[in-house]
Amino acid sequence: MTEEQARELGRKSGREAGPGLVTFWYKKFDLENTIKAIGKVTSEYGRNFSFDSSFDGKVHVLIMRHESGKNASAYYSESVKAVFGMLGLDCRMEENEDQVTAYVDALPSSTLLPPLKLVTKTPR
């Protein structure tokens with residue numbers, strides 16, 4: 001798999017599976033529950049990476065350490081960026097071969113679209 005293929009798979013995973021995973025475990029797709037899901041479900045239960053986080057009142061810093069190489073970093077980076085983007089949050093990423101660091105603003109970005117609203121169709 002190329003690095004760009006790993007990135008595309010990460011974007012797709014973040015958009016398609018991220019909200020469902022968070023909602024399944026925590027019943028509500030929001031910032032706090034998404035951070036919990038990354039830390040608990042993906043890191044601790046899935047054992048994909050070790051996870052640390054901090055918050056300075058403005059920015060959440062999420063650190064994901066792994067030993068899986070640059071393609072795994074590309075995948076994790078794009079997946080995390082996509083899932084926070086669906087919440088309308090700005091997420092800046094730093095990555096190297098064994099670590100991905102996400103900087104997530106606590107308040108929605110005015111440059112991003114608001115989160116999608118679920119539309120249900122009622123039978124006629």
Item to check | Residue count, region 34-47 (criterion: in a loop (DSSP other than H, G, I, E, B) and either of a type in the set (D, E, K, R) or in contact (Cβ under 8 Å) with a residue 24 or more places away in the chain (or both)) | outcome: 1
Next on the checklist: Taking the criterion of being of a type outside the set (Lys, Arg), at pLDDT 90 or above and closer than 13 Å to residue 10 by Cα, would at least one residue in region 64-71 satisfy it?
Outcome noted: yes
Next on the checklist: Is it the case, given these coordinates, that residue 63 is part of a helix (DSSP H, G or I), touching a strand residue (DSSP E or B) at 6+ places or on another chain (Cβ under 8 Å) and of a type outside the set (Gly, Ala, Ser)?
Outcome noted: no
Item to check | Residues of region 59-104 classified as in contact (Cβ under 8 Å) with a residue 60 or more places away in the chain and among the aliphatic types (A, V, I, L, M), total | outcome: 7
Item to check | Residues of region 78-114 satisfying the condition of being among the β-branched types (Val, Ile, Thr) and either modelled with pLDDT of 95 or more or not in a loop (DSSP other than H, G, I, E, B) (or both) | outcome: 80, 83, 100, 101, 104
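The values are calculated or read from the model by the stated rules, or taken from the named source; none is laboratory data. No experiment lies behind these values; they were computed from the predicted model shown. For neighbour counting, all protein chains shown are included, and Cβ atoms are generated from backbone atoms with ideal geometry for every residue, glycine included.
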